[in-house]
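The values are calculated or read from the model by the stated rules, or taken from the named source; none is laboratory data. Every value quoted in this text rests on a predicted model; they were computed, and no experiment measured them. FYI the Cβ positions are ideal-geometry reconstructions off the backbone, even for glycines, and counts take in every protein chain you see.
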Amino acid sequence: MIANLAFTTPLLLIALAVLPILWWLLRAVPPAPIKRRFPGIALLLGLNDDESQTDTTPWWLLLLRMLAVAAFIIGFAGPILNPEEDRAGSGPLLIAMDGSWASSRDWSGRISRVEDLLAEAGREGRPAAVVVLSEPTSGELRFQSADAVAATLAGVQPRAWEPNAATLTDWYGRLGSTDFETIWFSDGLDRATRTDTLAAFDAKGEVTIIETARPIYALTPAVFKDGRISVTALRSPTSAAHELTLLAMGPDPNGVEQVLATATAEFTIGADRAEVQLDLPSELRNRVNRFEIQGTRSAGAVTLTDDALKRREVGLLSGRDDQEAQDLLSPLYYLNKALVPTADLIEGVLQDMLLASPDVLMLADVATVSGAERDALLDWVDEGGMLVRFAGPRTASADIERNDPLMPVRLRAGGRSVGGAMSWGEPKALRAFTRDSPFFGLTIPEDVQVSSQVVAEPDPELAERTIASLVDGTPLVTRKSLGDGQIILFHVTSNAEWSTLPLSGLFVQMLERLAISTRPAEIAAEDLIGTTWVPEETLDAFGVVRDAGNLAGIAGETVAETPIGADLPPGLYAGEDRRLAMNVLPSDAELSPSTWPAGVTVEGILVAEETPLMGALLSAALALLLADILASLALSGKLRGATAAAVVLVAVTSMPEMSNAQDDARALQATSDVVLAYVKTGDPKLDRVSEEGLRGLSVSLFRRTSIEPADPLEVDLETDELSFYPLLYWPITESQPTPSSQAYSKLNRYLRTGGMILFDTRDGNIGGFGTSTPLGRKLQALAAPLDIPALEPIPQDHVLTRTFYLLQDFPGRFSSRDIWVEAAPADAEAAEGLPFRDLNDGVTPVLIGGNDWAAAWARDERGNPRYPVGRGFGGERQRELAIRFGVNVVMHVLTGNYKSDQVHVPALLERLGN
Amino acid sequence: MSQTAPTDPASTPAGLRHRAEAHASAFPALLAQAEHLAATVLLGDHGRKRAGMGDEFWQYRPTGHGDGLRDVDWRRSARSDATFVRQKEWQAAQSVMLWVDDAMSMSFSGGKDRPTKGHRARVIAMALCVLLNKGGERFGLANRGTPPRRGEGQLGRIAGHLMNAQGEADYGTPNARVLPAGSRAVFISDFLGDPKEVEMALTSATDRGVRGALVQVLDPDEEAFPFDGRTVFESMSGAIKFETLKANSLRDAYLDRLKQRKARLQDLARKTGWRYMCHHTNDPAAKSLMWLYQSLERGAA
């Protein structure tokens, strides 16, 4: 604090030396007496003062005066807090920026600071260069004039990865021979390359490090654990308890990207990580394609999910169990065991399962299906389903037609048995998988042996369709594509009857490879050898997912070994049969704040603004002097009520205005009369319509009812107090900003305490408040955080139809019938002989419609309608009804359910003509 | 109304004229004020409401022992068998001497909206003179020792005296030697000076059969002593000084002394058969005038 203090005229401070002299002077002078002529003096003669009074000023009064004088002196010396420092320097200036995902959050702040630095360097004629360490420029470091560098700043963008040791080492060698000063914008995270980089810069000259202490938040990849999705949020540095909102983003059933679920990550004090567990229905979970931290613009705050998170829905069907089932012999036992941990299994009748549209359908030794089932199956496969069939005695014995489309190959009837008791051959082992096979790279355990199989008819396509075979070349697994889906046949049983395959780990791996079950998040390096991964989506440093366009595919080896960087930008990569998310942070990532060796200058990014303290000090001095006046008056016994009040009044009025007189005036205006209010949308034209509409309605109310409203007021949801207004008219525009969460809590409080919001989409409700119109969508977005009860279209007997006028239609500029109000309780029933149900108490908190009422109510200065409504006399009738609706609404707000009281029933019945 | 300026041999004719004009301009105001004040007291003939020497018929009474034949009203007696004596109302002219304190202390006023004590004293005195004149009494000013007379001329003279009188002393002393024996006297002062002098004057006046009233004229400030802080008090001439550091601490002592002074005056008045009242300059003068007039009348009874 003191270090950041400077004076414009420090010489004045010498005057402080005079203070002791003043002290001595002031001490010696008692207060001057007052002379009075007074005839009564004759009676006074001989009286003595009952207490002897010091003739010097008390020390505290002296101190007060000293302080006042000192404040004056210091004040006039012009103190300035956080003075702008002149960064004097010479020689070339290198501005190095970490440029990682962690700096993207306040990138604009960094760039504006860089601009300042460059402007300064330009004034001093220093050449400069800017380098982003996460992707340093190739070639020798070149210094240009600072202005030229400043012109290129717009192109300096952060990267979604961190500086890479290899690239940096390469870059140190290209630093050139000239010495330079370095200003290093650090992103605030510690990493291995820090020391080397600092050493490289240090060797060239002075280094200043600029970094922010603001916490950095990041997400590690989501993993699937115990039936739940677990996402871990990290932060650096650790500080007080904090809550983050995590959003699970993904397409809704219509394909529109939106928030599918939210969760809160709670950092306890000092904790650097917070784990969030999400329990989502599988339908929803499979649609999630990324998690992100709400309100943080950084690639680290986004984690993409890939197939690893998706749980496949697998339908299992076996042939008719005519024998008493023994678990270990059941054809589905091993499939169940293999799939349960990683997939959602369904069992049942084929038709029912198809309705559930599973990803995979496994038929264990089901030889034939009925015609209808076959067609359904074919359609399903055609649309992308995966049909996996296992052979078995029935398949072997069935008379399968030559061209059964549900078989990848034609089978020879009967099958064959090798190495059984009755055969002369050995049980056959598996041949190593070929490169084309999806199983390529899997290790084949030696104890996997096949003793029986079904055999395919020789066929020109057989070799192509075989993806696994026995050592003697007979196919073990065959596959064919059909439409978007595929059909796979294991030529053995799914139990251990024909082979030991289901008993081995290979079986599970094969199922994984076939994308039947979910795969582990991490892919072993050897699995990636020889594969090519094409980026589909990439993540930029700001956490925005972008279409990858036509970026070149990346070899599997690179994916396995290279860290995220320029060669492997984070994003979603598609391989042959699966997708792989490369996230900014690995699952074992940790964030720790950067540490710098002693002696390195570290500054904050935000330069504290210059604050001149002169005014404050002079005010303080004046306040002290006023206090001195009061004290002196009190001392000399001249302090009376009036004097004190006057002095205090002067003191108060001379203070900087702290009262919010304007707010008070507004509050007074809003509360001294009934005032209708409308929400400021930011669209001046629309706001004028609202204003004129409410004014027109107010005039009508004034004329027709005992409600005599004052002029309507505009309400800014962010700043204004809402509780003064009985009714808020809220027209919806596409462009209006979504209120902040504070504004929403204010709105909710307003609604809970009896306020009413009249939403108007102004689109004639052509969309029925679905998402089909932009205004409807905006209404949904705006109203989502509001605490609104269940709604229903206004029933015929709603109290709104009779609060003042008897109405059945509620037109505005449009005449849609549909407006929505709070739903009546389910048990409300009309009593015998009464036209109305005994409805709930209270006022509906919201009224949603789209009839553009304000336009119908609006009147110009002369009281003429501002906007045309309908046509001819019918239009005027419609306008009249609109005004009546407005009157009814305001009456409803102000009188609540008064008219719903059954007392009024006879009168109403009479008016209704019964 | 004319007024001859008092001759001042030392002054030049021009100065004389100037002062004469100044006094003359103030004098009608004083007289007018006094007459205005006097008009508030309703007054018929200054009768004594008893039989005696006078011009007005009072009553017929049956002749009694010692009535001379000359006294019998034969006209009345002829209408009956008894003889009657016609009595006249007693109309005795009195001499009233006024002493108005003209010392410096009387020129004090505690507030801008209040007249000085001296002004108020002069107005009361003058109004009393006007009343006395209407009542046919003789009156005079003890300050100058002028003999009591009656008539407009005397009024003018007294007004002139009152206007010109300005003592040099801080406090005034009544002069009792000029009071004719058996006359009535009115002393108007603040009586803040030496009380012994007042006592002496009063006792010597009583010795000569003079009775009357004391009017103490005080400013409200003198009653309240609303001063605080370090103050130097000065008498009106500046001759006496008194300094205090905390004036408000003296208030109680001062008020106590003032009370004692009033009690002493009252006591003195009771002993000598005089009447005493205290008048404040913020009160209307008419009240005091009424009281003064009545006390003179009663004293005469």
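Data table
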item	result
Residues of segment B:264-291 satisfying the condition of being assigned to a helix (DSSP H, G or I) and within 14 Å of chain A (Cβ to nearest Cβ)	B:Arg264, B:Leu265
Candidate set: segment A:557-583, residues that are under 14 Å from A:Asn164 (Cα atoms) and of a type in the set (A, V, I, L, M); chosen: the one surrounded by the most Cβ atoms within 10 Å (Cβ to Cβ)	A:Ile564
Every residue from segment A:30-44 that is part of a loop (DSSP other than H, G, I, E, B), farther than 18 Å from B:Glu223 by Cβ and either within 7 Å of chain B (Cβ to nearest Cβ) or modelled with pLDDT of 75 or more (or both)	A:Pro31, A:Pro33
Close pairs (6 angstrom Cβ cut-off, 6 or more residues apart or separate chains): within 18 Å of A:Thr562 (Cβ to Cβ) in segment A:578-600, among the basic types (Lys, Arg) and part of a loop (DSSP other than H, G, I, E, B) anywhere	none
From A:Thr245, A:Thr197, residue being surrounded by 21 or more Cβ atoms within 10 Å (Cβ to Cβ) and of a type outside the set (Phe, Trp, Tyr)	A:Thr197
Meets criteria (closer than 26 Å to B:Glu168 by Cβ, modelled with pLDDT under 90 and surrounded by 15 or more Cβ atoms within 10 Å (Cβ to Cβ)) for B:Ala285	no
Enumeration of residues in segment B:138-153 that are touching a residue at least 40 places away in the same chain (Cβ under 8 Å) and assigned to a loop (DSSP other than H, G, I, E, B)	B:Ala142, B:Asn143, B:Pro148, B:Arg150
All positions within segment B:242-263 that are more than 8 Å from every other protein chain (Cβ to nearest Cβ) and under 24 Å from B:Gly172 (Cα atoms)	B:Leu255, B:Asp256, B:Lys259, B:Gln260, B:Lys262, B:Ala263
Strands (runs of 3 or more DSSP E) wholly inside segment A:383-482 containing at least 2 residues that are surrounded by fewer than 20 Cβ atoms within 10 Å (Cβ to Cβ) and at pLDDT 85 or above	A:475-482
Unique residue being more than 8 Å from every other protein chain (Cβ to nearest Cβ), under 23 Å from B:Leu292 (Cα atoms) and without any contact (Cβ under 8 Å) to a residue 40 or more places away in the chain when the list is B:Gly156, B:Gly172, B:Gly209, B:Gly160	B:Gly209
Qualifying helices (runs of 4 or more DSSP H) (wholly inside segment A:672-791; at least 2 residues being farther than 25 Å from A:Phe810 by Cα)	A:741-752
Positions within segment B:162-183 being touching a helix residue (DSSP H, G or I) at 6+ places or on another chain (Cβ under 6 Å) and either modelled with pLDDT under 80 or not in a loop (DSSP other than H, G, I, E, B) (or both), in sequence order	B:Leu162, B:Met163, B:Ala176
Selection within segment B:230-241 - without any contact (Cβ under 8 Å) to a residue 24 or more places away in the chain and either surrounded by 20 or more Cβ atoms within 10 Å (Cβ to Cβ) or of a type in the set (Val, Ile, Thr) (or both)	B:Arg230, B:Thr231, B:Val232, B:Phe233
Sole residue being surrounded by 14 or more Cβ atoms within 10 Å (Cβ to Cβ), at pLDDT 80 or above and at negative phi, chosen from A:Leu64, A:Leu26, A:Leu22, A:Leu47	A:Leu64
Exclusive hit being within 25 Å of A:Gly99 (Cα to Cα), in contact (Cβ under 8 Å) with a residue 60 or more places away in the chain and touching a Phe, Trp or Tyr at 6+ places or on another chain (Cβ under 7 Å), set A:Ala213, A:Ala233	A:Ala233
Residue match in segment A:275-292 (condition: surrounded by fewer than 20 Cβ atoms within 10 Å (Cβ to Cβ), modelled with pLDDT of 75 or more, under 17 Å from the mean Cα position of the chain (by Cα) and basic (Lys, Arg))	no
Selection count, segment B:88-113, where residues are farther than 16 Å from B:Gln154 by Cα, surrounded by fewer than 18 Cβ atoms within 10 Å (Cβ to Cβ) and at pLDDT below 85	7
Identity of the residue in segment B:212-229, buried (at least 19 other Cβ atoms within 10 Å of the Cβ) and in contact with a strand residue (DSSP E or B) (Cβ under 6 Å, 6 or more places away or on another chain), that ends up farthest from the other protein chains (Cβ to nearest Cβ)	B:Gly212
Matching residues, segment B:226-262, being within 14 Å of A:Leu45 (Cβ to Cβ) and assigned to a loop (DSSP other than H, G, I, E, B)	B:Ser235, B:Ala239, B:Ile240
Lone qualifier among A:Ala129, A:Ala119, A:Ala96 - being in a helix (DSSP H, G or I) and either modelled with pLDDT of 80 or more or closer than 30 Å to B:Leu245 by Cβ (or both)	A:Ala119
Strands (runs of 3 or more DSSP E) wholly inside segment A:198-237 that include at least 1 residues being aromatic (Phe, Trp, Tyr)	A:216-219, A:223-225
Residue that is surrounded by the fewest Cβ atoms within 10 Å (Cβ to Cβ), among those in segment B:176-196 that are within 15 Å of B:Ala269 (Cβ to Cβ) and within 13 Å of chain A (Cβ to nearest Cβ)	B:Pro195
Qualifying positions in segment A:708-743 - acidic (Asp, Glu) and crowded, with 18+ Cβ neighbours inside 10 Å	A:Asp720
Which numbered condition A:Phe224 fails, given (1) on the phi > 0 side of the Ramachandran plot; (2) at pLDDT below 80	(1)
